[in-house]
Amino acid sequence: MPSSTDIIGHESQIEALRSDIASDNVAHAYLFAGKPHLGKFTVAKWFARELLTSDARDDADRTQLLREIDRLLHPDLLVIDQLWMEDICEDFDVLAKSSNVPQQHRAKAGAKTDTISVDDVRALQDRLHEVSTGRFRCCLIRGAERMQAEAVNTLLKIVEEPPPGVVFLLTTESASALLPTLVSRSRVVRFSPVPLPLLTSLVADASTDDAQFLLRLAQGAPGIILRMKADPDALRLERQQYASALAFWHASSLAERLQLLKPLEAKGEDAQRFLLHLALALREERGDALSDRAAALHGLLRNLKTNASRPLLAQKFAMEVG
């Protein structure tokens, strides 16, 4: 669980949360909203840490509490983060490092996605009936947009009449994807991309080339830099995608451009990543045709949200930029 010194940026959000504790104005539910990998869940975990240690008797007591919190063993800390999924994440020892709400029911049901079901929320609810050991009890849910409708409705019943001292800390990539009722019952904390100067410390140990690439790729999201540094294979894949995107803008023939756009023909993460790299590579380009190419890319992004044929859209785009 992070301390405030582990958090990159978000000073105003941290100050507001500290003020809530100091003024005894802690809400029963918070919704941390912003783009992926900005540090929303990191801040949520830090806030839970502050709440659960706010009534520590002395330094020794605080140290013991922090040890329990960091190991997800504190009885007043409930976390739904990584979920059990058949053939994807079935190791309960791995799951225990990020989530401590029981998930055996998911294994019995053979869950295949990371959708948060009503049974997941009920498992959390069951833990709330246990006796609290302190003033606060913190329930963290990463990616609240993952919740099924029935799960949201069950959670709402708890949020609307929470047990004394319970604080829900939810994160989401899109508040608009949640039920307005859940948003209105929460104190919303907005997160924005971290300014570039604050991210440079994360790439201080990287080569100049890697540092520039990571900062460009991150787009203000420190979590992306940390993930890429921890996974060289993932970084290598991102570089390959960027090289393909750069080659697209430099391709001289329609056939070559169409071949490079193959990742866009099917929906999915690969297509989304390649679109990002097309945009990043275009920013490095110069020339009279830049504005026309940017307009063509924006048109492609808009059209891909429709039900139109993706191969035909890719072909149209390849012709427009040629």
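Among the residues of the stretch 7-19, those identified as within 27 Å of Leu226 (Cβ to Cβ) and part of a helix (DSSP H, G or I) are Glu11, Ser12, Gln13, Ile14, Glu15, Ala16, Leu17, Arg18.
Residues in the stretch 295-313: is at least one at positive phi and surrounded by fewer than 15 Cβ atoms within 10 Å (Cβ to Cβ)? Within the stretch 295-313, not a single residue is at positive phi and surrounded by fewer than 15 Cβ atoms within 10 Å (Cβ to Cβ). Scanning the stretch 7-16 turns up no residue that is crowded, with 22+ Cβ neighbours inside 10 Å and more than 25 Å from Ser201 (Cα to Cα).
If the condition is being touching a residue at least 40 places away in the same chain (Cβ under 8 Å) and either in contact with a Ser or Thr (Cβ under 7 Å, 6 or more places away or on another chain) or not in a helix (DSSP H, G or I) (or both), then the stretch 254-294 contributes Leu261, Ala266, Lys267. Can you name the residue in the stretch 1-23 that is touching a Lys or Arg at 6+ places or on another chain (Cβ under 9 Å) and either polar (S, T, N, Q) or over 20 Å from Leu140 (Cβ atoms) (or both) and, of all such residues, is modelled with the highest pLDDT? Residue satisfying both the conditions and the ranking: Gln13.
Listed by position, the helices (runs of 4 or more DSSP H) enclosed by the stretch 85-169 that each have at least 3 residues that are among the β-branched types (Val, Ile, Thr) and surrounded by 15 or more Cβ atoms within 10 Å (Cβ to Cβ) are 149-160.
Taking the stretch 192-233 as the range and being in contact (Cβ under 8 Å) with a residue 12 or more places away in the chain and exposed (fewer than 14 other Cβ atoms within 10 Å of the Cβ) as the test, the residues that pass are Ser192, Pro195, Leu196, Thr200, Ser201.
Under the condition of being without any contact (Cβ under 8 Å) to a residue 60 or more places away in the chain and surrounded by 15 or more Cβ atoms within 10 Å (Cβ to Cβ), the residues counted in the stretch 172-191 number 1. Within the stretch 242-253, being part of a helix (DSSP H, G or I) and either of a type in the set (A, V, I, L, M) or surrounded by 19 or more Cβ atoms within 10 Å (Cβ to Cβ) (or both) holds for Tyr242, Ala243, Ala245, Leu246, Ala247, Phe248, Trp249.
Taken together, Leu254, Leu235, Leu264, Leu297 contain a single residue that is within 27 Å of Asp205 (Cβ to Cβ) and among the aliphatic types (A, V, I, L, M), which is Leu235.
The values are calculated or read from the model by the stated rules, or taken from the named source; none is laboratory data. What you are looking at is a predicted structure, and each value in this text was computed from that prediction instead of being measured. Backbone-built Cβ (ideal geometry, glycine too); neighbour counts: all protein chains shown.
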